[in-house]
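In what follows, a structure is listed as structure tokens, so that the remarks can point back to it.
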Amino acid sequence: MDVLQLDTVRLAADRSCLEILDQTLLPGTVKVLRVSRIEDIWEAIKVLRVRGAPAIGVCAGYGIALTASRIETEDPETFCRAFLEQKEYLASARPTAVNLFWALDRMERTMRACLDRPIPAVKERLFEEAQTIRDEDVAISRSIGEIGFSLLRHGDGILTHCNAGTLATAKYGTATAPMYAAQARGWTDFRVYCDETRPLLQGARLTAFELYSAGIDTTLICDNMASIVMKSGKINIVFVGCDRVARNGDAANKIGTSGVAILARHYGIPFYVCAPSSTIDMTLDSGDQIPIEERAAEEVTEMWYRERMAPQGVKVYNPAFDVTDHSLITGIITEKGLCRAPYGPAFEALGIGT
Ligand code: MRU
């Protein structure tokens, strides 16, 4: 299967709905869901049918363009009010990935900038902007891929965590983009290790699926195996994605990422965060201010198991993300360039946040 041809989310040709690849069913079933109600778009983001920070942003852009197209009024003020209600609702789906809010804010700015036009033209402009967000995302991933590729050497072993792959973006992924760039140049001598990524198994179900399907040398490990794999010399570099990066370079990503960074530091392995500039939140001074999503206990106690694997009633703590301290990050790869500490000035030098 050519995974790079799979669209995580797109607008149906007749603009009647969003077509979302249901990632909760992967790798066993490749099914595209057609969702048109705003509640169903919200639900698709909430339960991770569409997930990964950039893909969530693309989905939010298309989603609000679609739902705003159904607002029945010719009055700009009424349109604006209804748009803002929809925006607020979609923004409540998940708290950590800043791309959700970034995309919705961008759509709001687009709407306000053309509100002096007839409402049908405003609706058309919103569809255009959503498509631009999607197309830009492809270009961003390609650029991150080229920069990340320049850090690779023949024979490298690469570790990645969660899925920051093509399934998490419009195409190519962020952490996987250097791998696809290497493959496109005919490199066959690099190996990728994917952490399975408890509790939702994005590494096993999604990263292993997409890289293996793409013909890349892929080995799946449980999260707690990363240390032995690093110690045995099999890993030369770590690439991970992120959901939100603070001004100082602290980076929130899927739970377990900070542990990988600590291990990488211990074993002297470079640890790179791949971050579209839309994921960098210059309004936050440090990672302490990043809201961390907590999810249902069942994801830990019974999901994926044939029977429940924890005593009934036991307390469960299920944070979906953690923050890797900037001091553990070798570099942050944005589409505009590779940033090294101190990160705030490095982001500003690239025009990020200005
Ligand atoms: O909960 P998820 O699956 O949405 O978490 C995804 C991640 O943590 C990714 O690494 C991150 O969003 C970057 S995707 C390019």
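All C-alpha pair distances within the stretch 3-141, sorted into 10 Å bins from zero, spread as 12, 46, 32, 8, 1 percent across the bins. The apolar share of the surface of the chain, taken as the fraction of accessible area on carbon and sulfur atoms (1.4 Å probe, ligands and nucleic acids excluded), comes to 52 percent. Only the Cβ atoms of Lys and Arg (+1) and of Asp and Glu (-1) were treated as charged; on that basis the dipole of the chain about its Cα centre amounts to roughly 680 debye. Taking all protein chains together and rolling a 1.4 Å probe, residue 303 ends up with roughly 80 Å² accessible.
When both the stretch 280-346 and the stretch 145-177 are represented by their alpha-carbon centers, they are found 19 Å apart. Taking every protein chain into account, the accessible area of the stretch 119-185 amounts to 31 square angstrom per residue (probe 1.4 Å).
Summarising the overall dimensions of the stretch 151-349 from its C-alpha atoms, the Rg and Dmax are 16.7, 53 angstrom. Loop-resident trypsin sites (Lys or Arg not before Pro) (DSSP state other than H, G, I, E or B) in the stretch 300-348 with no more than 15 further Cβ atoms inside 10 Å of their Cβ: 306, 308, 315, 340. Ordering of 192-201, 159-168, 92-101 by packing is 159-168, 192-201, 92-101, highest average first (other Cβ atoms within 10 Å, averaged per residue). Taking the square roots of 5 times each eigenvalue of the Cα gyration tensor of the stretch 248-326, largest first, gives ellipsoid semi-axes of 29, 17, 11 Å. Note on residue 102: accessible area approximately 80 square angstrom, rounded to 10, probe 1.4 Å, nucleic acids and ligands left out. With N counted as the residues of the stretch 4-68, its alpha-carbon radius of gyration over 2.2 N^0.38 Å works out to 1.00. With the charge dipole of the chain set up from +1 on Lys and Arg Cβ and -1 on Asp and Glu Cβ about the Cα centre, the Cα lying farthest toward the positive end among the listed residues 27, 149, 107 is that of 149. In the full protein context, the stretch 193-242 carries 36 Å² of accessible surface per residue, based on a 1.4 Å probe and ignoring ligands, DNA and RNA. So what is log10(I(q)/I(0)) for the chain at q = 0.08, 0.09, 0.13 1/Å, when the Debye sum runs over its Cα atoms only? The computed values of log10 I(q)/I(0) come out as -0.37, -0.47, -0.98.
The values are calculated or read from the model by the stated rules, or taken from the named source; none is laboratory data. Since the model is a prediction, treat every value here as computed from it, not as a measurement. Please note: Cβ atoms are built from the backbone with ideal geometry, for glycine as well, and neighbour counts cover all protein chains shown. Heavy atoms of the whole protein, side chains included, go into the accessibility calculation; ligands, DNA and RNA do not. Shrake-Rupley method; radii C 1.70, N 1.55, O 1.52, S 1.80 Å.
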